[in-house]
1. What strands (runs of 3 or more DSSP E), lying completely within segment B:393-501, carry at least 2 residues that are over 30 Å from B:P529 (Cα atoms) and at pLDDT 95 or above?
2. Considering only residues of segment A:55-93 that are within 13 Å of chain B (Cβ to nearest Cβ) and of a type in the set (D, E, K, R), which is least open to solvent (accessible area, probe 1.4 Å)?
3. I'd like the full set of residues that are polar (S, T, N, Q) and under 12 Å from B:G484 (Cα atoms), limited to segment B:555-597.
4. Hey, among the residues in segment A:1-54 that are of a type in the set (S, T, Y) and either more than 9 Å from chain B (Cβ to nearest Cβ) or more than 21 Å from A:G101 (Cα to Cα) (or both), which one's surrounded by the fewest Cβ atoms within 10 Å (Cβ to Cβ)?
5. With the requirement that a residue be within 30 Å of B:D472 (Cα to Cα) and of a type in the set (A, V, I, L, M), what does segment B:590-616 give you?
6. Given the criterion in contact (Cβ under 8 Å) with a residue 40 or more places away in the chain, within 14 Å of chain A (Cβ to nearest Cβ) and open to solvent by 10 Å² or more (accessible area, probe 1.4 Å), identify the matching residue among B:T287, B:T227.
7. Kindly list the number of the only condition in (1) among the aliphatic types (A, V, I, L, M); (2) over 16 Å from B:V623 (Cα atoms); (3) buried (at least 23 other Cβ atoms within 10 Å of the Cβ) that fails for B:I674.
8. Starting from segment A:128-151, keep only residues that are on the phi > 0 side of the Ramachandran plot, then list their pairs with residues that are at pLDDT below 95 and surrounded by 18 or more Cβ atoms within 10 Å (Cβ to Cβ) whose Cβ atoms are within a distance under 7 Å, requiring at least 6 positions of separation or different chains.
Amino acid sequence: MEIKLKLNGKNILASVEADTVLLDFLRDKGCLSVKRGCDTSNCGLCTVLMDGKPILSCSTLAVRADGHEIHTLEGLQEEASDFVGFIADQGADQCGFCNPGLVMNTIALLRENPDPTDDEIRAYLAGNLCRCSGYDGQLRGIRNYLNSRKA
Amino acid sequence: MEHKEYKSINKSVRKKDSMQLLLGKPVYTDDVTPKDALVVKILRSPHANAMVESINTAAAKKVPGVVDIYTWEDVPQTRFAIAGQTFPEPSPYDRLIIDRHVRFAGDVVAIIAAETEKAALKAMKLIKVKYEILEAVLDFRTAKDNPVLVHPEDDWFPPCQVGGDPKRNLVASDDEIHGDVEGILAECDIVLERTYHTKAFNQAMMEPFTAYASFDRYGRLHVISSTQIVFHTRRILSRALGIPKSKIRVEKPRIGGGFGAKQTAVCDVYPAFVAMKTGRPAMVTYTREESQIAGSPRHEMEITVKLGATKEGKIRVMDLYTLSNTGAYGEHGPTTVGLSGHKAIPLYTGSLEAHRFHYDVVYTNRQAAGAYRGYGATQGIFAVESIVSELAEQLGMDATAIRDMNMIKEGMVMPAYYNEIASACALDRCMEHCRRMFNWEERSKVRDMGNGKVRTAGVAMGMQGSCISNVDVGSATLKLSEDGTYNLIIGAADMGTGCDTILAQMVAELMDCHVDDVAVFGADTDVSPYDSGSYASSTTYITGQAVVKACAELKKRICSIAADMLGCEGEKVEFAGSVVRRIHTDQTVSLTDIAYKSQVNNTTPAESTATHTSPVSPPPYMVGMVEIELDKRTGKVEILDYMAVVDCGIPINPNLARIQTEGGIVQGIGHTLIENVTYDRKGRPAEASFMQYKVPTRQDMGRLHVEFEHSYEPTGPFGAKSIGEIVINTPAPAIAHAIYRATGKWFRELPITPEQIAMSLID
């Protein structure tokens, strides 16, 4: 079936099958930052923004994007660049496979709540699994970014 | 201990790939390989032990888009092992690409190659298989000498003699005794004997197993794989497919986590086989379910420790028996078990007069186990540290004081660790440091919070090695470029740990340049100098020393070229970073000029390759302390604080060493409290997805605090030892100790679930 959506600022028209999931559709469109980690909505690796809200693209049919606006990390490089260097400065990127989902959800968090507490950060990002870093380095990075904005 | 000021060593520089990873650039196997590859899917056995009586693929092959389907009749009949180990491997050759005899629920029955995933999955449903279902060996305690054999075949082959006998379901066995174990046990005031059980925990790296295979412009098989072991994978594929190594190239792009899972060539053979059969590119990516049920998890172990001590708390003797479950195939079976003793017993070298370590490794009809961070030491240390805490509690001693009295100290010979000398050991300082930082005296007290909840703390020590002594080989090639920058080429695999960066830091230090001036490439069997691969906590320690050697040799060569240019003898010049200077003069030539000179009328290479190995494997050491809040009504354990002090020698990059530690602790908290492995009656793992296999989230781990105590390892680069594995070893015994203090109950099986705790508290 035909769908119309705005992907990273560009209007696109695409033909998809009824059972195509958004994750596969987006990767097929070259948005390779979107990762598959689990298939069961548990890991957060496939997080993208639909109309500005974070969703799990592994559990969203591509047809559900019809008439909506989707952002992947490819389309938010500048916004991400503001803060990811602080995570890099902690060495917390590690293997990196969870990073795009984490970065997307952090963007959503900071848009919603520009000055979150540590516990609010932990709660908002709880669905983003990371097996390498033990999470605290990611938190230190985000905290340092927030502090740098206040300075 | 040496105190040196460095420019690039012991500095927290960013990982070289950080920004690429954080900005989501396409750097992983599935991102960098062409999209037109055939999709490879695997039909897996629903039975734990069965013979494929007949298999009919006719209907499945008719599905549009299906290219071919392969069964046991189509594969080479040479048995091989997929463990990434140095040849000759201790792991037995016990696999075929597809075996008619399927040995666990999840074993390969057919390989489907199709144009699309959809076609492959449709075909999978249409394959008709008739199984002769055989009795299965599911309980590893009954495996040895069981009449049901997991590997009855006659062509089972052990490249090394490790005490295995497939006619007894044995993969390996051994018994070593040092001193008069029985005599000393008889003299001891107190003897404890306890049995501990740890399960087949999954690494659960975020990127599932994946590999791609195609033919390159010379018609050679080109495999791009998420692997820690490019050279071993080439050797494994060569044997499995029956083609020469010169016809195979294996490379890795960035790896989405490994933790040892990718020290086994879990999936590489399938796309390689399909590419060989079809002549077309082929790609396999395991689902999370496949990664959980047909991956390469930790060896389940049951460890019985007998410990003898004086009433003052001096630990005199330890007897440790490990029964290890390798599952259906023997990958890493003969070796992981060794660490359960060799990297647990030596923690008490300070007082032990005798020890015995004996083990059996058995086959069962379970998913084959493999390498997982800690590699047996994790299991052994859970047992040894738990029984020592139990001894302390029985004697009414403080659990840190009993360790002060008995622990390994610098300079001691470790009879339980191949008689190696603890040449760099700050374990005593780690304990003192952690005790102070944690405020052990106060926080270890049992405090009733008045709401059914209790707070208290637990402690544990840990050790590991740095490489496999006398086995692991690391190499590095360093090349000078025309602008005075360098290329470092390695065969070790950065799986997120940051080894590309820390090895570049070593180059920067020695060549007196900036880390940004060192470009790193790894790993590719066509390009990289030989390296065993990234495992066994070896990369910093072994490949690092290869880098040190390569730098020294390249400096000599650069000086030699420069001396020619300056018209003097080689020994009359000195290397000074961006220039080479004629000694006692201000005559210099720049690295740029030297590099250009090396490209004209020259026979001295402006590059160098060096190789390193080590006769010893110096242990890093660690102390972990945990404060918990335990709800006596529900059994829920909340981690409040985890503090650790690590002695990894001199950390090359303190930030990366800290992240390794934090990550390892959280992974350890996972297998201690929430990651369970249970099976249905047919032997299939119940925790087949992240819905059931719960790895810790950022709300499950409390607060972490990691610090370091430096020692200086004389055989390591810049005094470094390892960090990657040791960090997973303290959570289980420390948390079990805290739970005892809160409840008065010892839990000797992992994970320790709220149900078990709550049920144990019902009188």
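1. Values: elements: B:453-463, B:474-480, B:486-490.
Here the list reads B:453-463.
2. Checking each candidate, the answer is A:D93.
3. B:S578, B:S590, B:T592
4. The first filter runs over segment A:1-54 and keeps only residues of a type in the set (S, T, Y), leaving A:15, A:20, A:33, A:40-41, A:47.
The next check asks that each one be either more than 9 Å from chain B (Cβ to nearest Cβ) or more than 21 Å from A:G101 (Cα to Cα) (or both); those that pass are A:15, A:20, A:47.
Numbers: A:S15: 8, A:T20: 18, A:T47: 28.
The residue in question is A:S15.
5. Residues satisfying the conditions are B:A606, B:A610, B:V616.
6. Values: B:T227 fails: open to solvent by 10 Å² or more (accessible area, probe 1.4 Å).
So the residue among B:T287, B:T227 that is in contact (Cβ under 8 Å) with a residue 40 or more places away in the chain, within 14 Å of chain A (Cβ to nearest Cβ) and open to solvent by 10 Å² or more (accessible area, probe 1.4 Å) is B:T287.
7. Status for B:I674: all satisfied but (3).
8. Filtered contacts from segment A:128-151: A:G134/B:M701; A:Y135/B:M701.
The values are calculated or read from the model by the stated rules, or taken from the named source; none is laboratory data. Please read all numbers here as calculations on a predicted model, not as lab measurements. Reconstructed Cβ throughout: ideal geometry from the backbone, glycine too, with neighbour counts over all protein chains shown. Surface accessibility is based on the protein's heavy atoms, side chains included, excluding ligands, DNA and RNA. Shrake-Rupley method; radii C 1.70, N 1.55, O 1.52, S 1.80 Å.
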